[in-house]
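Shown next, in structure tokens, is the structure this report addresses.
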Amino acid sequence: MPAERDHPVFIAHGLTKVYRMGEVEVHALRGIDLTLYRGEMVVLLGPSGSGKSTLLNILGGLDAPSGGEVYYLDHKITGATEGELTRFRREHVGFVFQFYNLIPSLTARENVAAVTEIARSPMQPEEALALVGLGGRLDHFPAQLSGGEQQRVAIARAVAKNPAVLLCDEPTGALDSATGVVVLEVLEKVNRELGTLTVLITHNAGIADMADRVIRLFDGHIADIRTNAVKKTANELSW
Amino acid sequence: MRALDRKLFRDLWHMRGQVLAIAAVIMGGVATMVMSLSTYDSLAGTRDRFYAEYRFADVFAGLKRAPEPVAERLAAIPGVEVLETRVRAGVKLEVEGFTDPITGLILSLPDTGEAQLNRVHLRRGRSVRPWSADEVVLSDTFADAHGFQPGDRLAAIIHGKRKTLTVVGVAVSPEYVYQIAPGAMFPDFKRYGVLWMGRSALAAAYDMEGAFNQVSLALARDAREQDVIDRVDAVLATYGGTGAYGRGDQFSNRFLSEELKQLRTTATVFPAIFLGVAAFLLNIVLSRLIALQRDQIAILKAFGYSYVEIGVHYVKLVLVMTVIGVAAGLALGAWFGQGLAHVYSETTFRFPYLDYELRPGVGLIALAIAAFAAVSGTLLSVTRAVRLPPAEGMRPEIPPAYHTSLVERLGLSRWLAAPSRMVLRHIGRHPLKSLLTVFGIACACGLMMVGNYQRGAIDFMVDVQFRQASREDLGLAFIDPTSGRALHELAALPGVDHVEGYRDVPAILRSGQYRHRASVFGIQPEGQLHRSLDRDLKPVAVPPGGVVLTDHLAYEILHVKPGDMLTVEVLEGSRPVRQVPVLGITKQYLGVSAYMQQDSLNALMREGNTVSGAYLAVQPGAEDQLYADLHARPRVLGMVANKAAIQSFYATIGEFILFYNLIATLLAGAIGFGVVYNSARIALSERGRELASLRVLGFTRAEIAYILLGELGLLTLAAIPVGFIVGVGLVGILVMAFQSELYRLPVLLTPENYAMGATVVVVSALLSGLLLWRRLGRLDLIAVLKTRE
């Protein structure tokens, strides 16, 4: 699904973030203006410390900026209370972590159900797992799954609530390249079939070719934004 | 400072909450041990010093009356080093404004010079002047109970004659460290007093001029006590001797020894339980704590640190916690110990001084036990962690394999949401860990029950003693054995409902090598007031022709059973020696006794219907008039009012129990909280990442708290019934260890005991839950996205 330019999901103005680490001030973000649209696949690219994780955390309601504003649809996220942010994450945001963060004591199906049980209009856990190609491993515990499979469960868990945005922080970082491609194919499929805004952090430039837009961050600034005229599919990627 | 040591202190600071909780567990164990042992050492040391400094005699003998020259014959007995004769008079005392009967004992002091043996230590005032006629020194318990000061006056009925006495001093004596009226169960400082008076004045009042009726002697170093006793008895046989006895049978000393023996048991059993539990918990907690440092150990190894260096590092870490705990335990234990020794010397034992003694060895033992428990727990975990190749240690731990829980397999999963399943599976995944946590919490519950058990047990014992066995309102003793006809006179007194006579004969009970000096009580077979109880505490008539013994006396002291023959060596009158069959066993928690039917005892003594005293049931409200009537009768010597005895008992031990309960509550509470908090805190460390992930996924703080605290709550609930079992077991151990001649505790736990045990666990859990709730609010949600474990 192509990006719907008339449907912005996130609008950020003048975002800054300053960490105080003892005596030193670290400027993680130095004024970011950004709009992200429905159905878009966005890759955030940049070296360590460029601010991409900070940006993702602020968008996901995990962190508050030092300055500037973020709107989700017509809600202002900046300045929201802890409870409001929790509800925001619960209803609208799907997270995929580098290290999967599955609950080891729950099966694949139950890991997804843990989220769908508290969501407003989720899909069935089985449906979400079928979407990521794990329809046959519903009752396996994380210990019985490979790394790639665990990450796909994590993606199923993230999308099962039908979120407006899928935030993925280095989702292939802990995987070998062949397994990584499978995971990216799943993300691509979710983005295409569900029209979920997908924001993907990586420092792997090769992955950028599958995005609608590639936003390169450097030292807390947006260095440039590139729109891919032709998107590659995940299985064409290599690194 | 080396980097590793810096890490040590940072780590300690970082987990200061847990450090304090662990230290609290150690402190609880160490404090109990230090308190009990130091109190024992202090009292035993003080006793020994007091006995030596004030020349406590080795052998004592009472007799009817012997002319003074007989003393020379006694002094000539080989092995006797010092000998002193005295006059000893049982009296009734009158204190203005106090109507209850008061019994007293007056002992003679030499007219000139200091006593050779059994010297008194003056607390206030002075000793009696040479040849003074009316001056007395009072025992400090009695003086304090009535507020007597030197210069005050009181009256005594000596040998039927009323005499006004002037108090000149207040003293304590090694002979009366523990003061209790003959026939009473408990000390009663208001209603029993010991007095000292000049020899000539007392002899004149008691008709003992030129004679004596009590002798004390000190033995030469190499003398054999029993030989001397036999020879003394031989000399005094014709003067109405009632049998010489050594320190072992001396009343105050026997009680003091028994009490100290019990205190030493306390000093062994309680700390063994507390410190054992504390060590066990420490071991669990630390091994889990170290297991969490797995990745750090791997990194240290990757740097090239050796196993030994890493081991030393973690041992240092736990030793710091141990030392904090032991130091706090020593301080607290010493403080409690001083308090306890003080309470003892206020309520039970009177010493002129109290040397508080905390042997360095006690502290070292405590440190050694705690350190051993801590270090062994640590090394086990460190070894496990160090065995891993560094790279593996740094990789995320493979997700632990989970299974569906039993509850779910039973088909209940339909009703369980994912968080509940997580709780159940986590418990099922680590059954050993869960069991240990349950057991740890259960121990705290059990300790609390042991600590609070005494109150209910004592209530029960008092109830059995005073409402089942000794139901008389008043027990009185005649000056000499008297014809049973005297009972009619008593029954005719206004206010007396019912009278039962008793015969009471001092004797040595012997069976083979076992002996015991006690009174044989002749009671009425169908008596309503004084009854013997069977095993189920039902009154049972004493059968004719033999003795019924208290269970402890029969089985533990004399080693006889019903059907066996017992030798009774009477120490009164013609001192007959008789063989008597043991006909039964009676259940008794306080003291030990031998009962016969009064008729049978009279027959054994070859006498007619003779009584030593009587038990009276008194109409309510008639007490004061009756006391006055009895007081005026010269043949009535002592009176013990039961209600007053119970009240004084509670007054005496109330403070004691309160003190003990407070300490037990504090210590069990500290241990309980230490365990629960640590279990929860470690669970949080182990599962923090999981919970933070859920927070990121949109779970509220309450929802993740449910997962973490749900598990804690479930384990806590499971621990309570286990704790009850542990408590009953610990009380059982305590009861076994505490059997003595003075009393045997019943295995009896009241609903309050259970409630207290459960409360300490629940409160600890709630408090821990509250602290964790705050921590859950500070979970680092961002870190969880990046870090693996």
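The values are calculated or read from the model by the stated rules, or taken from the named source; none is laboratory data. The structure displayed is predicted, hence computed values, not measured ones. Backbone-built Cβ (ideal geometry, glycine too); neighbour counts: all protein chains shown.
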Practice item. Assess whether A:GLY135 counts as being outside any helix (DSSP H, G or I), of a type outside the set (Phe, Trp, Tyr), closer than 21 Å to A:ILE222 by Cα and more than 7 Å from chain B (Cβ to nearest Cβ). Key: no
Check your understanding: Of all residues in segment B:104-125, which are surrounded by 16 or more Cβ atoms within 10 Å (Cβ to Cβ) and free of Cβ contacts under 8 Å to residues at least 60 places away in the same chain?
Key -> B:LEU122, B:ARG124, B:GLY125
Revision key, fill the gap. When segment B:565-594 is checked residue by residue, the ones that are within 19 Å of B:LYS64 (Cβ to Cβ), among the charged types (D, E, K, R) and part of a strand (DSSP E or B) are B:GLU569
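Conditions tested, residue by residue: (1) assigned to a strand (DSSP E or B); (2) farther than 20 Å from B:PHE212 by Cβ; (3) modelled with pLDDT under 90.
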position: B:LEU138; (1), (2), (3): yes, yes, no
position: B:ALA143; (1), (2), (3): no, yes, no
position: B:GLY151; (1), (2), (3): no, yes, no
position: B:PHE186; (1), (2), (3): no, yes, yes
position: B:VAL194; (1), (2), (3): yes, no, no
Exercise for review: Could you tell me whether B:ALA664 is surrounded by 21 or more Cβ atoms within 10 Å (Cβ to Cβ), assigned to a helix (DSSP H, G or I), of a type in the set (A, V, I, L, M, F, W, C) and at pLDDT below 80?
Suggested key: yes
Review point. Any residue at all in segment B:4-11 that is of a type in the set (Phe, Trp, Tyr) and in contact (Cβ under 8 Å) with a residue 24 or more places away in the chain?
Key: no
**Study point:** Residues (surrounded by fewer than 21 Cβ atoms within 10 Å (Cβ to Cβ) and more than 10 Å from chain B (Cβ to nearest Cβ)) located in segment A:160-180
**Key:** A:ASN162, A:ALA164, A:ASP176, A:SER177, A:ALA178, A:THR179
Practice item. Kindly indicate whether A:ARG157 is surrounded by fewer than 23 Cβ atoms within 10 Å (Cβ to Cβ) and either out of contact with any helix residue (DSSP H, G or I) (no Cβ under 9 Å at 6 or more places or on another chain) or within 13 Å of chain B (Cβ to nearest Cβ) (or both). Key: no
Check your understanding: List the pairs whose first member sits in segment B:72-91 and is crowded, with 17+ Cβ neighbours inside 10 Å, whose second member is of a type in the set (D, E, K, R), and whose Cβ atoms are under 6 Å apart, counting only residues at least 6 apart or on separate chains?
Key -> B:ILE77/B:ARG231
Point to revise | Pairs where the first residue, in segment B:677-697, is within 14 Å of another protein chain (Cβ to nearest Cβ) and the second is among the acidic types (Asp, Glu) and surrounded by fewer than 21 Cβ atoms within 10 Å (Cβ to Cβ), C-beta under 8 Å, 6+ apart | key: B:ARG689/B:GLU789; B:ALA692/B:ASP780; B:LEU694/B:GLU703
Exercise for review: Tell me, yes or no, whether segment B:608-615 has at least one residue that is within 30 Å of B:ALA457 (Cα to Cα) and more than 25 Å from the chain's Cα centre (by Cα).
Suggested key: yes
Review point. Can you pull out the strands (runs of 3 or more DSSP E) entirely within segment A:35-120 that have at least 1 residues that are closer than 21 Å to B:ARG695 by Cα, within 13 Å of the chain's Cα centre (by Cα) and more than 7 Å from every other protein chain (Cβ to nearest Cβ)?
Key: A:93-96
Point to revise | Tally, over segment B:616-632, of residues that are at pLDDT below 85 and in a loop (DSSP other than H, G, I, E, B) | key: 1
Practice item. For B:VAL762, state whether it is within 30 Å of B:ASN283 (Cβ to Cβ) and not polar (S, T, N, Q). Key: yes
**Study point:** Residues located in segment B:488-520, provided they are among the hydroxyl-bearing types (Ser, Thr, Tyr) and surrounded by fewer than 22 Cβ atoms within 10 Å (Cβ to Cβ)
**Key:** B:SER511, B:TYR514, B:SER519
**Study point:** Enumeration of residues in segment B:554-586 that are without any contact (Cβ under 8 Å) to a residue 60 or more places away in the chain and closer than 20 Å to B:MET461 by Cβ
**Key:** B:ALA554, B:TYR555, B:ILE585, B:THR586
Point to revise | Cβ pairs under 7 Å, 6+ apart, first in segment A:162-186 and in contact (Cβ under 8 Å) with a residue 60 or more places away in the chain and over 23 Å from A:LEU55 (Cβ atoms), second of a type in the set (Phe, Trp, Tyr) and surrounded by fewer than 21 Cβ atoms within 10 Å (Cβ to Cβ) | key: A:SER177/A:TRP239
